[in-house]
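First comes the structure, then the notes that go with it.
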Amino acid sequence: MAIIIKTTGKAIPKKIMHNSDFPASLDTSDEWIRSHTGIGSRYIASEEDTSASLGAEACKQVLANGNLNPQDIDLIICATATAEYQGFPSNACLIQKELGAKNAACFDLSAACSGFLYAIDTAAALMERHGRRYALVCGTEVLSKIIDWQDRSTCVLFGDGAGAALLENTFDNSKRGIGSVILGSDGTGYDALYMADHLKMNGRTVYNFAVGVITETVKSLLQKENINMEDVDLVVCHQANKRILEAAAKRLNADMGKFICNMENYGNTSAASIPITLDDLRLQGKLTEGTTIITAGFGAGLTWGGAVIRF
Ligand code: ACO
């Protein structure tokens, strides 16, 4: 059975915050942020926006793009670290309510910035096991609500937004869709990046971990599929830091031109970054039939993941 990404959508808050908008008291600069991360601006959720409302908006777009009724959806998985309610109900149930997707089973998934990749593999497995046709997989975050705005080492990095994908089980054996997947975790690194009263991070540790796992994940995926970098059109990584992607591309001896970078406009939107990027690529007409992409993500946990996806 092939599980394809049929279409995508996203929801981005209206308010844009440029590097130059940080107060002088933070003692940072556009030059520092750009040169260390590649980030130029990010979007910030309004007081009324929640990760569930942004997620619902992204999923509505997906339904419109896919020309589907909400009742056609069998499953909604929401990857988020900033759910509207702490504990329960899940964002996925709130999204279901907004859409009227009454036939869907709904739950949230916690794997931080790797969440979207964990969620598409989980959705694909459930769709195959239960013979279901359509799933909505959403990554959504309002990180601006959990960061310490006085901590210049973290608050300049993150942004808000939501992205979503419609997965379809084609019930055939075509080569399209989600191919090899890698998921991994290392709980011994739990304290490199965690959320207590605010987000706390050891930037250097996460940086080194990220370069290493992206490199190894891409290598392993190429090996599993018995392909090489020339067979891959685009590499869509979690958008945390341009330097991480440059270092990984160098280690892979790969053309940096294949590595998509949009953190300049969005900052790091955690679980939302990969689906937002996929939606941008779709709108740019870059996910046409025959396109092969590799995705790779990393985040708190520590967690990582990657997938080969053929359009
Ligand atoms: N503006 C100006 N100076 C700053 C800022 C800032 N915003 N932030 C830190 N600095 C200073 C530090 O205080 C330090 O000063 P010092 O030398 O006087 O002590 C100096 O800059 C260098 O700090 P480093 O932390 O060593 O800078 P580094 O080059 O490592 O860059 C960064 C920091 C950008 C955070 C980098 O480590 C990184 O990208 N790490 C990975 C982060 C990441 O990807 N996180 C998210 C992944 S998981 C998820 O998405 C949830």
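Please treat every number below as a calculation from the coordinates, not as lab data. Worth saying up front: this structure is predicted, and the values here are computed from it rather than measured. Using ideal geometry, Cβ is built from the backbone for each residue, glycine included, and neighbour counts are taken over all protein chains shown.
Among Glu264, Glu48, Glu216, Glu141, the order by Cβ neighbours within 10 angstrom, fewest to most, reads Glu48, Glu264, Glu216, Glu141.
Rounded to the nearest 0.05, what FRET efficiency is calculated for Glu48 and Gln86 with R0 set to 22 Å and r the Cβ-Cβ distance? Efficiency, rounded to the nearest 0.05: 0.75. The mean of 1/r over all distinct Cα pairs in the stretch 99-191, once inverted, gives the Kirkwood hydrodynamic radius of 15.8 Å. In the stretch 67-169, a dipole from Cβ-located charges (positive for Lys and Arg, negative for Asp and Glu) runs towards its positive end, and of Ala104, Ala165, Ser153 it is Ala104 whose Cα lies farthest in that direction. A cut-off of 5 Å between modelled amide H atoms, ignoring neighbours fewer than 5 places along the same chain, links Leu109 with Cys78, Ala79, Thr80.
The distance between label points at Glu31 and Lys224 comes to 4.4 nm (points 7 Å beyond Cα on the Cα→Cβ vector). The helix-based estimate of mean residue ellipticity at 222 nm for the chain, built from -39,500 (n - 2.57) per DSSP H run of four or more residues and divided by its residue count, is -10000 deg cm²/dmol to the nearest 500. The label-point distance for Glu98 and Asp148, in a model that sets each label 7 Å from Cα toward Cβ, rounds to 3.1 nm. Dipole check for the chain: with +1 at the C-beta of Lys and Arg, -1 at the C-beta of Asp and Glu, and the Cα centre as origin, the magnitude is about 540 Debye. Between the listed residues Gly299, Asn253, Pro89, the Cα displaced farthest toward the positive end of the dipole of the chain, a dipole computed from Cβ unit charges relative to the Cα centre, is found at Asn253. The residues Lys250, Lys286, when put in order of fewest to most other Cβ atoms within 10 Å, stand as Lys250, Lys286.
Modelled label positions at Phe171 and Asp255, each set 7 Å beyond Cα in the direction of Cβ, lie 4.0 nm from each other.
In the distance distribution for the stretch 262-302, Cα-Cα pairs more than 17 Å apart total 37 percent. Simple rule: put +1 on each Lys or Arg Cβ and -1 on each Asp or Glu Cβ in the chain, find the dipole, and look at Ile16, Ser174, Ala271; the Cα lying farthest toward the positive end is Ser174. Sorting Thr28, Thr269 from the fewest to the most surrounding beta carbons within 10 angstrom yields Thr28, Thr269.
Working value for the chain: equivalent-ellipsoid semi-axes of 28, 24, 17 Å, each the square root of 5 times a Cα gyration tensor eigenvalue, largest first. The stretch 237-311 and the stretch 180-225 have Cα centres spaced 14 Å apart. Here the dipole of the stretch 1-147 is about 500 debye; that uses its Cα centre as origin and unit charges on the Cβ of Lys and Arg (positive) and Asp and Glu (negative). Note on the stretch 137-190: with charges restricted to the Cβ of Lys and Arg (+1) and Asp and Glu (-1), its dipole about the Cα centre is near 160 debye.
Candidate cross-link partners of Lys175 among the lysines, defined by an alpha-carbon separation under 17 Å and a same-chain spacing of 8 or more, comprise Lys6, Lys224.
Charge tally for Gly179 (other residues, Cβ to Cβ under 13 Å; Lys, Arg +1; Asp, Glu -1): +1. Take every Cα pair under 8 Å whose residues are at least 6 apart in sequence, average their separation, divide by the length of the chain, and the relative contact order is 26 percent. With a Förster radius of 30 Å applied to the beta-carbon distance between Glu128 and Leu283, the computed FRET efficiency rounds to 0.55. As a rough guide to protection, the peptides 294-304, 15-25, 165-175 ranked by mean Cβ packing within 10 Å, highest first, stand as 294-304, 165-175, 15-25.
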